[in-house]
1. How far apart are the A:Pro43 label points across copies, placing each 7 Å from Cα toward Cβ, in nm, shortest first?
2. What does the copy distance list look like for A:Thr146, label position 7 Å along Cα→Cβ, in nm and ordered from shortest?
3. Rounded to the nearest 500, what is the 222 nm mean residue ellipticity of chain A from helices alone, with -39500 (n - 2.57) per DSSP H run of 4+ residues and division by all residues?
4. What FRET efficiency, computed as 1/(1 + (r/R0)^6) with R0 = 41 Å and r the Cβ-Cβ distance, is obtained for B:Ala67 and A:Ser114, rounded to the nearest 0.05?
5. Which whole-number percent gives the relative contact order of chain B, counting Cα pairs below 8 Å spaced six or more residues apart?
6. With θ set to phi - 60°, apply the Karplus curve 6.51 cos²θ - 1.76 cosθ + 1.60 along the range B:150-155 and write out the HN-Hα couplings as whole Hz, x wherever there is a Gly or Pro.
7. Can you pull the mean other chain C-beta count within 10 Å for peptide A:23-29?
8. In 10 Å bins starting at zero, report the fraction of Cα pairs in the range A:8-82 per bin as a rounded %.
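The values are calculated or read from the model by the stated rules, or taken from the named source; none is laboratory data. Being a predicted model, the structure only gives us computed values, none of them experimental. Heads up, the Cβs are rebuilt from the backbone with ideal geometry, glycines too, and the neighbour counts pull from every protein chain shown. Note: accessible area is taken over every heavy atom of the protein model, side chains too, but ligands, DNA and RNA are not part of it. Shrake-Rupley method; radii C 1.70, N 1.55, O 1.52, S 1.80 Å.
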Protein chains: 2
Amino acid sequence: MAPRGHDQGHDMAKNRFPVWRLIQSELEAEIRSGLIGPGDQLPSEHELAERFKVNRHTVRTALANLAIAGLARARRGRGVFVEDKPPEYRVTRDSKWSEIEREMNAAPSGRLVSVSERPASATIAEMLGLSQGATILMVETVRGSTPALLIYSYHVFDRDRFAGIEAAVARTGSYTEALREFGVERFYRASTWIDCRMPRPREAEALSIPLDAPVLVMMYVDRDADGRPLLYGNAVIPNGSLVVRVDTL
Amino acid sequence: MAPRGHDQGHDMAKNRFPVWRLIQSELEAEIRSGLIGPGDQLPSEHELAERFKVNRHTVRTALANLAIAGLARARRGRGVFVEDKPPEYRVTRDSKWSEIEREMNAAPSGRLVSVSERPASATIAEMLGLSQGATILMVETVRGSTPALLIYSYHVFDRDRFAGIEAAVARTGSYTEALREFGVERFYRASTWIDCRMPRPREAEALSIPLDAPVLVMMYVDRDADGRPLLYGNAVIPNGSLVVRVDTL
């Protein structure tokens, strides 16, 4: 298959998507990959209009939406420049939201949204070392470590071991602190899964994002010093506000 | 904030999104997180209609779309059951697409889509240990390891060192093989970043996904046995076809 070229504008229109949105996704992909990096200048409106075979108004709408997404910013009379990258979340055995917040000089900020009980599916039971059908406690919180980084999270616990932990979470804003009140002095990240999906309505509302903006989801199991599973967490992160990083060398 | 309850249907409608799509995203979130796991039965149409305050036709549309997304499947007269999870891609120092394909008993399947040259941004130059503005080679491929797992990828190389590598990629379908032809016998994954975004039009076309379906993007730097950066890769993965996994304990 040959690379697409002059007919790109035509194919874009065919899909009944706003053309500016497709131009935005082209530029966004280049920025997110670093092919155009922080501080770099984007091509001019004129060049972009030529490249995508659209008028400058369409290009301007795409650039305005890149700015809203925090990816690029116009400097008066100088052009449009790429903004800094979003912060990195490093996955290590010591990964904890409270650590990330400490690095950002932010206080623990978990705000309790809801708590519920349900029977553990086989999948959850296996992750937490429980029997299928055992009662689990699901605690939902919103963290606003910085105005630019809002996270919606689910934390699943063995109800028999951690009954009432939501009160400690609500009071301290921190799972690390809440676990300490239950006698867990140290714990470690064992496994992390990273996925991407559309937000649930209540996630979109809490994170102030549109229902058609994807979210990055980090799922993880933390274990205590004896290797016993403590919790299964899910962090729902608005698209573009955080990049997950793993170093393996 | 209290958990949302009976007014959920109303709020959903308010957002001018098809209500079935929001119900789909609710169920999808539960399935992807494992709260409802592989083999588990979903609530009945009647129960879901009650829970979301919608009619059964709306529920049926949501369930049909879950099936299209490969997340759940109706068994005649028995109900709707959750399908198996997508395969996991484990990030380790030995992560390579050719290894994943070997695990799946698939042959190296990279198909060359395009090759281009451009000057390295400061970001890319730093990752590859080049000077800013050095010429880089960008090779785009589509991998179809299995019919269910299509990947669009970008691989960026130092043009001076790897000029012509696209021909070896086109011939062998494998970056591992192509690098061997350039004298690189062994290489390792150094760093991986995971992000989520909307697809570019040419990615959506090659992956046969809609333009409004998000993609998971894995970006990575591989180094040779001497620690010298070899390539910067980007793998664009359709939402839901692969989950990235990191073990840290």
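1. The answer, with the shortest distance listed first, is 5.0 nm.
2. Distances between equivalent label points, in nm: 4.0.
3. Values: 10 runs with 83 residues, N = 249.
Taking each H run of at least 4 residues, the total per residue is -9000 deg cm²/dmol.
4. Numbers: r = 29 Å, r/R0 = 0.71.
Here the calculated transfer efficiency is 0.90.
5. Numbers: 420 pairs, mean separation 40.9, N = 249.
About 16 percent, as a whole number.
6. 9, 10, 9, 10, 10, 10
7. Details: counts 1, 1, 8, 4, 1, 3, 11.
Average per residue, whole number: 4.
8. Pairs per bin, as whole percents: 21, 56, 22, 2.
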